[in-house]
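The values are calculated or read from the model by the stated rules, or taken from the named source; none is laboratory data. Because the structure is predicted, anything quoted here is derived from the model rather than measured. Reconstructed Cβ throughout: ideal geometry from the backbone, glycine too, with neighbour counts over all protein chains shown. The accessibility values were calculated without ligands, DNA or RNA, using every heavy atom of the protein model including side chains. Shrake-Rupley method; radii C 1.70, N 1.55, O 1.52, S 1.80 Å.
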Amino acid sequence: MNEIQTKDFIDSNNVKEILSNSFKSIVENNTCEDLNLSNKNISIDLNHIQCDLKNPFITFKCKIINQDKTIGFYSVVFEQTGKIIDDFFVIF
């Protein structure tokens with residue numbers, strides 16, 4: 001998948017919105033202890049989304065930020081059709 005195809009997939013499948021909404025849902029619906037965090041003052045960097053293509057799946061990953069430090073990453077895995085398969089919330 002080249003850069004243009006990746007951008008088209010992100011736009012046509014609302015990847016940024018899905019990343020944002022799914023991340024917010026995880027943070028809101030879990031305790032700090034569940035998430036291995038000292039506080040929930042965290043965000044994701046939607047301006048720097050990484051893409052990893054491993055047929056038949058596409059993973060979009062962005063950094064989890066706390067006080068300007070990268071403390072982990074959040075990823076959503078899609079099928080080529082745009083269907084969401086899984087997501088990952090990882091704290092280092």
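Sub-7 Å Cβ pairs linking a first residue in the stretch 16-40 that is within 23 Å of residue 50 (Cα to Cα) and small (Gly, Ala, Ser) to a second residue that is open to solvent by 80 Å² or more (accessible area, probe 1.4 Å) and assigned to a helix (DSSP H, G or I), at least 6 apart or interchain, number zero.
Applying the criterion of being more than 18 Å from residue 91 (Cβ to Cβ) and outside any helix (DSSP H, G or I) to the residues of the stretch 10-34, the residue that is most open to solvent (accessible area, probe 1.4 Å) is 14.
Across the stretch 19-57, the qualifying residues are those that are small (Gly, Ala, Ser) and over 11 Å from the mean Cα position of the chain (by Cα), and the one among them that is farthest from residue 83 (Cα to Cα) is 38.
Working only within the stretch 54-78, note down all residues that are of a type outside the set (Ser, Thr, Tyr) and either in contact with a Gly (Cβ under 8 Å, 6 or more places away or on another chain) or under 18 Å from residue 16 (Cβ atoms) (or both).
Filtering the stretch 54-78 down to residues of a type outside the set (Ser, Thr, Tyr) leaves 54-58, 60-69, 71-73, 76-78.
Across the stretch 54-78, the qualifying residues are 58, 60, 61, 62, 63, 64, 65, 73, 76, 77, 78.
All of 82, 72 fail the test of being open to solvent by less than 30 Å² (accessible area, probe 1.4 Å) and free of Cβ contacts under 8 Å to residues at least 60 places away in the same chain, apart from 72. Picking from residues in the stretch 58-69 that are touching a residue at least 24 places away in the same chain (Cβ under 8 Å) and over 14 Å from residue 15 (Cα atoms), the one that is least open to solvent (accessible area, probe 1.4 Å) is 64.
Only one of 16, 7 is within 16 Å of the chain's Cα centre (by Cα), charged (D, E, K, R) and within 21 Å of residue 68 (Cα to Cα). Can you tell me which? Steps first, answer last, please.
On the way: 7 fails: within 21 Å of residue 68 (Cα to Cα).
Result of the check over 16, 7: 16.
Out of all the residues in the stretch 41-57, which are touching a Cys at 6+ places or on another chain (Cβ under 9 Å), open to solvent by 80 Å² or more (accessible area, probe 1.4 Å), in a loop (DSSP other than H, G, I, E, B) and touching a residue at least 12 places away in the same chain (Cβ under 8 Å)? Scanning the stretch 41-57 gives a single hit, 48.
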